[in-house]
Amino acid sequence: MSATRSSRPKVLMVSSMPEWDLAPMREAYDLIDLPADGPSGLASAADIAALVTSGGKGADAALIEALPALALITVYGVGYDKVDLDAASRCNVAVTNTPDVLTNDVADMALALTLALSRRIVDGDTLVRSGAWSEKSMPLTGSISGRKIGIVGLGRIGEAIANRFVGFDTEIGYWNRSPKPLSSWRAFPTPATLAAWADILVVAVAGGNDTVGLVNAETIVALGRDGLLINISRGTTIDEAALIAALESGTIAGAGLDVFLNEPAIDRRFLSLGNVVLSPHQGSATVATRRAMGELVRANLAAHFAGETLPTTVLHRHR
């Protein structure tokens, strides 16, 4: 039998989750949606013990500080760059995320965007659907086999991306913020030097203040007129204005993007560009991965309220 509503821990839902996660969570917790006007609209702010958010929405200092009983923020996603970790530490709030379970699907998306862009799959689909195939042929497209692939950020996801490209007989190079001495792939000192070597640059670095604009105008220009840029990290990691300028001028050949600044209200200049493939932040958006992500969120909540070790801790509470 589930606990009564009054005795169940109160959990603030900043992010939406699938019903397959919400149903068991309602059995264990009193779920409260964040009002449109923010924490000021919460009648029970003083009693909220945990908060569930997404990588895209996060939790800022104002929200964290408005919840005096808050002890846990659990992120439904791997990225936690929009959670104010300083505020969480100051308020003694633990933070968790859902790493590893989404690595394969995000890596798959990087490969899918590369293939869609280089082989112009979207254009081919349009040609067939429009009926124009009987009147004109599809232009010749590019190949990724045998190309030089540069990975910006050789973490879990970056390594998974590189391993997928190995199957295409490619050369792999990378830039990473910390050394990877055990890697057999070629390391480069800067993203710009990596881009100058690569034919295809895949951005897989973590988001956050340290990587804002990491792929800057110099790096984009270094990629060259035949170069392709793929981004499955965060919109903040690329100088988006410089990218748009390069795409408009033909400074690079094209881009495959799953993330953007200010998404979903993206820069409308992308919409008129014929050399981009645009995806609505779908890297981890498969049923299997979202189920696994939800299970980790629920496991972190259950462990916290049971006084057990959190499965995937980003920031510990200090006792």
Evaluate region 145-165: report whether one residue or more is farther than 19 Å from GLY227 by Cα, of a type in the set (Ser, Thr, Tyr) and part of a loop (DSSP other than H, G, I, E, B).
no
Is there any pair linking a residue in region 97-124 that is at positive phi and at pLDDT below 95 to one that is among the β-branched types (Val, Ile, Thr) and in a loop (DSSP other than H, G, I, E, B), with Cβ under 9 Å and at least six apart or on different chains, and which?
ASP100/VAL78; ASP100/THR312
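Given the criteria β-branched (Val, Ile, Thr), under 30 Å from TRP185 (Cα atoms), out of contact with any Lys or Arg (no Cβ under 7 Å at 6 or more places or on another chain) and surrounded by 13 or more Cβ atoms within 10 Å (Cβ to Cβ), does VAL83 qualify?
Judged against the criteria, VAL83 is not a match.
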Would you be able to tell me the number of residues in region 98-120 that are of a type in the set (A, V, I, L, M), in contact with a Ser or Thr (Cβ under 9 Å, 6 or more places away or on another chain) and outside any loop (DSSP other than H, G, I, E, B)?
5
How about region 1-76: which strands (runs of 3 or more DSSP E) wholly inside it have at least 1 residues that are more than 22 Å from ARG317 (Cβ to Cβ)?
30-33
Within region 78-96, can you find the residues that are hydrophobic (A, V, I, L, M, F, W, C), assigned to a loop (DSSP other than H, G, I, E, B) and touching a residue at least 40 places away in the same chain (Cβ under 8 Å)?
VAL78, VAL93
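Mind checking which residues of region 50-96 are of a type in the set (Asp, Glu) and modelled with pLDDT of 95 or more?
Start the filter on region 50-96 by keeping residues that are of a type in the set (Asp, Glu), which leaves 60, 65, 81, 84, 86.
Listed by number, the residues that qualify are ASP60, GLU65, ASP84, ASP86.
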I need the full set of residues from region 202-228 which are modelled with pLDDT of 95 or more, within 24 Å of GLY79 (Cβ to Cβ) and in a loop (DSSP other than H, G, I, E, B), in order please.
ALA204, VAL205, VAL212, GLY213, LEU214, ASN216
One residue is enough: does region 61-77 have a residue meeting the conditions touching a residue at least 12 places away in the same chain (Cβ under 8 Å), surrounded by fewer than 18 Cβ atoms within 10 Å (Cβ to Cβ), at negative phi and of a type in the set (Ser, Thr, Tyr)?
no
So which of ALA246, ALA242, ALA217, ALA162 ends up being in contact with a Phe, Trp or Tyr (Cβ under 7 Å, 6 or more places away or on another chain), in contact (Cβ under 8 Å) with a residue 12 or more places away in the chain and of a type in the set (A, V, I, L, M, F, W, C)?
ALA162
For region 194-201, indicate whether the set of residues that are out of contact with any Ser or Thr (no Cβ under 8 Å at 6 or more places or on another chain), acidic (Asp, Glu), surrounded by 17 or more Cβ atoms within 10 Å (Cβ to Cβ) and in a loop (DSSP other than H, G, I, E, B) is non-empty.
yes
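The values are calculated or read from the model by the stated rules, or taken from the named source; none is laboratory data. Because the structure is a prediction, the values reported are computed rather than measured. So basically every Cβ, Gly included, is an ideal-geometry build from the backbone, and we count neighbours across all protein chains shown.
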